[in-house]
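Note sheet for the following structure.
Laboratory data are not the source of any read-out in this text; all were calculated from the coordinates shown. Predicted, not measured: the structure shown is a model, and the values here were computed from it. Cβ atoms come from the backbone with ideal geometry, glycine included; neighbour counts cover every protein chain shown.
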Amino acid sequence: MKQKILSFCMGFVAALALSCGVIFCLVTSFDIPMDALQCVLCCLAAACLFSAALSTRRSWIWIGLLFAAAAILCVRFYSRIALSASVFLHCLTESFALAIPWVQTVDNASGAQDATLFLALIGTVYALLGSWAVLRRGNFFCVLMASLLPLVLCLTVLEFPPAGWAVLLVLGSLVALAVTQLTRNRSVEAGNRLLAVLLVPLCMLIGALALVFPENSYVRSAWSDHLQETVTQAAEKLPVFQRNTSTGQLQLTLPAAAPVTLGRYIWDRQVTGFDLSQLGPQRQYQLHVMRVKAPVSGVCHLRGTSFGVYEEGAWSPIAQAQYEGSSADASALLGSGVSSAFEIETDAYSSICYTPYRPVSLPQGAGAYYDAYIRNPENSLVYSVYYADRAPSILSAQYQAFVRSAYTQLPEQIREQLRDTAAQISSSSDTRAIAEAVRNTVRNSAQYSLQTQRPPAGEDPVVWFLHESETGYCVHFASAAAVLLRMYGIPARLVTGYLVQTQAEEWVDVTSDDAHAWVEYFVEGEGWCVLDPTPEDQSNADEQPHRQEQQPEDQELQPENTQKKTERQYEQDEKTAHSENDNENDYQKSSVLEVLKTIGKLLLIPIAAASVLSLWNVCIRTYRKMTWTHGSSNRRAIAYYRHIRFLAHLLAQEPSQRSTDYAEKARYSPHRINDEELSVLVSEKDRLTEELLQHHSLWKRIVYRFILAL
């Protein structure tokens, strides 16, 4: 009975550790939304059920019943599992798309919020593998290959490493199963006892490493960089890869591989539009995308592409058929006057050119797609743009009529829902005054947060944002402002690109966190003007009640301009908005954590040494016990004699003649050693061991006991 209980407990522990470790490796590496408690409870239930089933004699019957029940549940909740799987695939491919340009993100079009059910299903599979390996002598190689798959996925994209404790949990489980595999193949009971003994030192070692090396202190090791460079050099020899001379990066050069834009968010990675209703919480990656050098310091909106059609909660460009006869061309994007050079170096191919406002001419080899964006047909990575200090010359009456017609359209339902809201914003007839009033209204309508959830199904995202949502980020604010401007009959469109704080004549790095969205509104006789309704920093509002009014936003890259914050700074400010009330508590908590970390570092070496010695001791003792208790009496006698010679050598003695005779008989004679002769060898072994442990100095006894495992 005791053996059955021990077997069940060891199978349960192995199943739970392996399933939870795999799940949380994936969750922490790819930032997958899930309910942690529900997943852990599912892993607990699966580990318990599979361990109980595999502990019985006719386990295949119970396993079959469990599989049948699982199949019924999967059919019953198929739609929910499919939605959960879509969230999982979206997070997985999104992370890989950030590191590998040709990987396409799987959009989560279902609108599901978390991947709990799908992750619970994955945990159930690994719970079965863990309990099978312990209770039914499962093939360790199969368990190892299945466990390495999620680890390879997590560790391939090294910019987002999984939590250290989760990796240690998986590796610790695999090490324990590997060490006990040989013993378990000979005796399941002996393997379970050995596994129970190994749990304590393994838990001590994992706990010490997790305490001393917390997740936020992980850095890339030098060996990983060397390995990456070795793999890169090998791949460079293949014809489908080519190293870019400007960036030094290895890139895929398949003929069918289309260039990608630099945007990494849904709303900034293509020119075909995006569905605002599918935008949920956003992650920040700090992925380097380009570097720029401007002649002056200031704020620069690097313009990418624009979207002029808003229907059913989605932004899309003006249809090409509408442009016919509109005289829309690059002149709508150009400026005039004194020009200065603006240099751009991108890290990857892009289908569009990112430029500052009022360029005097287009970059070399580039061409305008009407008035929407600037194409980059040659996939240039390095280009210069000369931009001006004045708006473009007077545009044609034909183009202005096209703008008034194309960029003021709205669905009638949206007009009805926002009529009262728009009527309260401004009573002015001046375009700039209305734009300023709209910007102020939108900025004060919600707080900035990248954790903004998706709008409810069936509701228009802009209406929901203005009437119900308490938070939003740049695309929400910009979309609301563009729609409200159209309510006043002012042509407006949404623009995506990057918001950069430049330094005069210095190269400035631009990351994916600087991706931004804003609004362009049209002023008769002047052209398109910039309107950025995303809120500024509110955390210091009480300390600066008399801040000067912000300069007009179309006067960018001027030294006297108020310096606006990038979206990364918005998020950092949001996280520290309430720091004044929590500083003291946070300081106390950090002090306690620092003390614990210091103590942990001091104890790490002895704990690690004790854990390793314990593992070594257990392995040596187990091996010796197996050779002394398994096999024929002759083989056991030879094993005892080898150990006797080892002990005699430590004592600078020779084995007794009697034990030598019995060993020679066991090795060379056809006769079998009987129990009485075998007991003589056992007594000789015990005598020499006792002499070593009692008649030597303390440090030698420690060496004999813990290192030599006597």
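Computed values, structure above
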| read-out | value |
| --- | --- |
| Two-site FRET efficiency, Arg404 against Leu65, from Cβ-Cβ distance with R₀ of 60 Å, rounded to 0.05 | 0.25 |
| Dipole magnitude (debye, nearest 20) for the range 2-179, charges at Cβ of Lys, Arg, Asp, Glu | 1120 debye |
| Label-point gap, in nm, between Tyr623 and Arg76 - each point 7 angstrom along Cα→Cβ | 5.2 nm |
| Computed E for Ala146/Glu312 - FRET, C-beta separation, R0 51 angstrom, nearest 0.05 | 0.70 |
| Fewest-first ranking of Trp132, Trp315, Trp507, Trp628, using other Cβ atoms within 10 Å as the exposure measure | Trp507, Trp628, Trp132, Trp315 |
| Whole-Hz couplings from phi, Karplus 6.51/-1.76/1.60, listed for the range 428-443; x for Gly and Pro | 6, 10, 7, 4, 5, 5, 5, 4, 5, 5, 5, 4, 5, 5, 5, 4 |
| Integer Hz, Karplus 6.51/-1.76/1.60 couplings in order for the range 662-675, x for Gly and Pro | 5, 5, 5, 5, 5, 8, 10, 8, x, 7, 8, 6, 8, 5 |
| Label-point gap, in nm, between Trp616 and Glu506 - each point 7 angstrom along Cα→Cβ | 5.3 nm |
| Whole-number percent relative contact order across the range 2-179, with pairs defined as alpha carbons under 8 Å at least 6 apart | 40 percent |
| Calculated on alpha-carbon atoms, Rg and Dmax of the range 2-179 in Å | 16.8, 57 |
| Whole-number Å³ per residue for the convex hull built on Cα positions in the range 275-391 | 135 Å³ |
| Residues in the range 311-336 reached by a label modelled at His467 [backbone nitrogen below 11 Å; 7 Å Cα→Cβ] | none |
| Dipole magnitude of the range 611-704, debye to nearest 20 (Cβ charges: Lys/Arg +1, Asp/Glu -1, about Cα centre) | 380 debye |
| Euclidean distance between Cα centres, the range 436-469 to the range 18-53, Å | 36 Å |
| Separation of the Leu89 and Ala457 label points, Cα + 7 Å toward Cβ, nm | 1.8 nm |
| Pairs beyond 27 Å (Cα-Cα), from Lys665/Lys685; Lys2/Lys685; Lys625/Lys665; Lys2/Lys700 | Lys2/Lys685; Lys2/Lys700 |
